[in-house]
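Down below is the structure, laid out as structure tokens.
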Amino acid sequence: MIYSLSSMIIFSLIVTAIVFNPAIRPYTTIYREIAEYGLAYYLLAFPIMFVIHDTYFYWIHRMMHHPVLFKWFHLVHHKSTNPSPWAAYAFHPLEAILENGIIILFYFTLPMHVTHVPIFFLFSIIYNIYGHMGWELYPKGFNTTQIGRWVNTAVAHNQHHKYFKGNYGLYTLFWDRVMGTIRTDYDAAFDQVKNRKI
């Protein structure tokens, strides 16, 4: 809980330093009126943010698993081998800074309406908690459907915490499948969880 709280403080300090700093804000892409870029762009920005964040997370996550970096950045998060929602943001401060780099990327590359980041990260927090709650919400067989095989699940992320290797994705398993880092026992683990009698 202490690490999660420190991560939230770091996240809020970085956002505050950008959004409310009069010396930095003019260099950002933040805008106030939806009409400035139009409603179509406003709505399209969310799936663009989704793809960028999913890609950013996969690659920094894999990088943090490098033996030289792991103990300095990512070990704290992996102390939860069977994670709970409290583990969702239990990061070492160095990892929290690196994770929050996506905010900087968004605010200095894409036109961002003042509501884009808060709405997007509400979704992100909810999905991150689901990924760490140790309970699979998706139905039996979902992992083998046309859509489900690309969606990250609580089972996939639980395996990542249990074995420390494979299943590095955030929202999707796209990069894991493309880069060959999806665990070969993932489908069997998903089926085993969904076949349990409650």
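The values are calculated or read from the model by the stated rules, or taken from the named source; none is laboratory data. Everything quoted here is computed from the prediction, not taken from an experiment. Note: ideal-geometry Cβ built from the backbone for every residue, glycine included; neighbour counts use all protein chains shown. Heavy atoms of the whole protein, side chains included, go into the accessibility calculation; ligands, DNA and RNA do not. Shrake-Rupley method; radii C 1.70, N 1.55, O 1.52, S 1.80 Å.
Pick out the one residue from Y107, Y89, Y130, Y138 that is under 24 Å from F73 (Cβ atoms), free of Cβ contacts under 8 Å to residues at least 60 places away in the same chain and either of a type outside the set (A, V, I, L, M, F, W, C) or assigned to a loop (DSSP other than H, G, I, E, B) (or both).
None of the other options fit; the residue is Y130.
Kindly indicate the residue of the stretch 59-82 that is outside any helix (DSSP H, G or I) and at pLDDT 95 or above and also surrounded by the fewest Cβ atoms within 10 Å (Cβ to Cβ) among those meeting that condition.
H66
Has the stretch 40-58 got at least one residue that is of a type outside the set (S, T, Y), over 19 Å from the mean Cα position of the chain (by Cα), modelled with pLDDT of 90 or more and farther than 26 Å from G169 by Cβ?
yes
Could you tell me whether H92 is within 26 Å of V68 (Cα to Cα), open to solvent by less than 50 Å² (accessible area, probe 1.4 Å) and at pLDDT below 95?
So H92 does not fit the description; no.
Name the residue that is most open to solvent (accessible area, probe 1.4 Å), counting only residues in the stretch 120-163 that are out of contact with any strand residue (DSSP E or B) (no Cβ under 8 Å at 6 or more places or on another chain), among the β-branched types (V, I, T) and over 20 Å from A87 (Cα atoms).
Checking each candidate, the answer is I147.
Take V117 and decide whether it is touching a residue at least 40 places away in the same chain (Cβ under 8 Å) and surrounded by 17 or more Cβ atoms within 10 Å (Cβ to Cβ).
Here the answer is yes, as V117 does meet what is asked.
For the subset of the stretch 1-54 comprising residues that are without any contact (Cβ under 8 Å) to a residue 40 or more places away in the chain and of a type in the set (S, T, N, Q), which member is farthest from S84 (Cα to Cα)?
Step by step, filter the stretch 1-54, then rank; the result is N21.
I'd like the residue in the stretch 164-178 that is free of Cβ contacts under 8 Å to residues at least 40 places away in the same chain and surrounded by 12 or more Cβ atoms within 10 Å (Cβ to Cβ) and, out of all such residues, is nearest to W150 (Cα to Cα).
Residue satisfying both the conditions and the ranking: L173.
Going through Y3, Y31 one at a time, which residue ends up being open to solvent by 70 Å² or more (accessible area, probe 1.4 Å) and among the hydroxyl-bearing types (S, T, Y)?
Y3
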